[in-house]
1. What percentage of the solvent-accessible surface of the stretch 134-209, computed with a 1.4 Å probe over protein heavy atoms, is contributed by carbon and sulfur atoms?
2. Given points 7 Å out from each Cα along the Cα-Cβ axis, report the Thr134 to Arg92 separation in nanometres with one decimal.
3. Return one quarter of the surface area of the convex hull spanned by the alpha-carbon atoms of the stretch 113-199, equal to its mean projected area, in nm².
4. Report the full-extension gain for the segment Glu168 to His56: residue separation times 0.36 nm, less the Cα-Cα distance, to one decimal in nm.
5. Please work out the Cα center distance from the stretch 179-236 to the stretch 97-119, rounded to the nearest Å.
6. Report the GluC sites (Glu not before Pro) located in the stretch 151-236 that are in a DSSP loop and have at most 10 other Cβ atoms inside 10 Å of their Cβ, or state none.
7. Can you work out the FRET efficiency for the pair Ile2 and Ile26, with r the C-beta to C-beta distance and R0 = 41 Å, to the nearest 0.05?
8. May I ask for the angle, rounded to the nearest 10°, between helix 220-231 and the longest principal axis of the chain, with both axes built from Cα atoms and the value confined to 0 to 90°?
Amino acid sequence: MIATGGKSIYGASVGILMLDARFPRIPGDMGHAGTWPFPVLYRVVRDASPDRVVRHGASGLLEAFIAAGRDLVADGADGITTNCGFLSLFQRDLSAALLVPVLSSSLCQVAMVNRLLPQGRRAGVLTISASTLTRAHLDAAEVPEDTPIGTTEGGRAFTASILGNAPELDVEACRADNVEAARALQADVPDLGAFVLECTNMGPYAADITAATGLPCFSMLSLVGWFQSGLSPARF
């Protein structure tokens, strides 16, 4: 066998562009390396705070994300993803600049989830910030116009802690916020068939949402698992 080179790092096909944050990354969060059953590469995009990306449209950050993405590809990543659903705004630009597969947002799976559901059912989105999730974010991810949106905004801990970049996280209060937001959306939308979690920090609570509502819950974790299986298929 002849081995060939060209990369700095091998065996990690997924590169993750991270926001510049200090809040705790618990298991199930994209930023906790133990979340993944496969190795990943990380690169922090400096000055890309949660507030700047979610509440201010990631203004002025595109070139920094492109540069960090190029670094990850040079290091060995075969595909690039991000750890914020609001970065759907950068999907086309990142794909054009990086020349590898790019998965910018969990929102990219909404249309696919709809195709999986029984006739008469549709997916709903749970977001960390409904007040700043615009039609531009949704259109960039090709989310259907009639998609219902629920949110943890106004809850006791989750949105405030993540977007406020707090150094501590009340995990049980965040869990309750996510479950309550899911139940509220289910109560408001009789034909709801599944949840898609916009926020990558909602991953730790997906099982709780399904247990509370009886509905499937798709997150960035499930989507990146699918993404990685294409970048690095299992050999049989």
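1. Values: 1530 of 3120 Å².
Carbon with sulfur: 49 percent of the solvent-accessible area.
2. Those two pseudo-labels are separated by 1.5 nm.
3. Values: hull surface 24.0 nm².
The directionally averaged projection comes out at 6.0 nm².
4. Working: separation 112, 0.36 × 112 = 40.32 nm, distance 2.33 nm.
Taking Glu168 through His56 to full extension adds about 38.0 nm, to one decimal.
5. Cα centres, the stretch 179-236 to the stretch 97-119: 13 Å.
6. Values: sites: Glu153, Glu168, Glu172, Glu180, Glu198; in loops: Glu153, Glu168, Glu198.
In loop regions of the stretch 151-236 (DSSP not H, G, I, E or B), the sparsely surrounded GluC sites (Glu not before Pro) are Glu168.
7. Values: r = 43 Å, r/R0 = 1.05.
Efficiency, from the Cβ-Cβ distance: 0.40.
8. Computed tilt is about 30 degrees.
The values are calculated or read from the model by the stated rules, or taken from the named source; none is laboratory data. Keep in mind that this is a model prediction, so the values were computed, not measured. For neighbour counting, all protein chains shown are included, and Cβ atoms are generated from backbone atoms with ideal geometry for every residue, glycine included. Areas reflect the complete protein model, heavy atoms only, side chains present, ligands, DNA and RNA absent. Shrake-Rupley method; radii C 1.70, N 1.55, O 1.52, S 1.80 Å.
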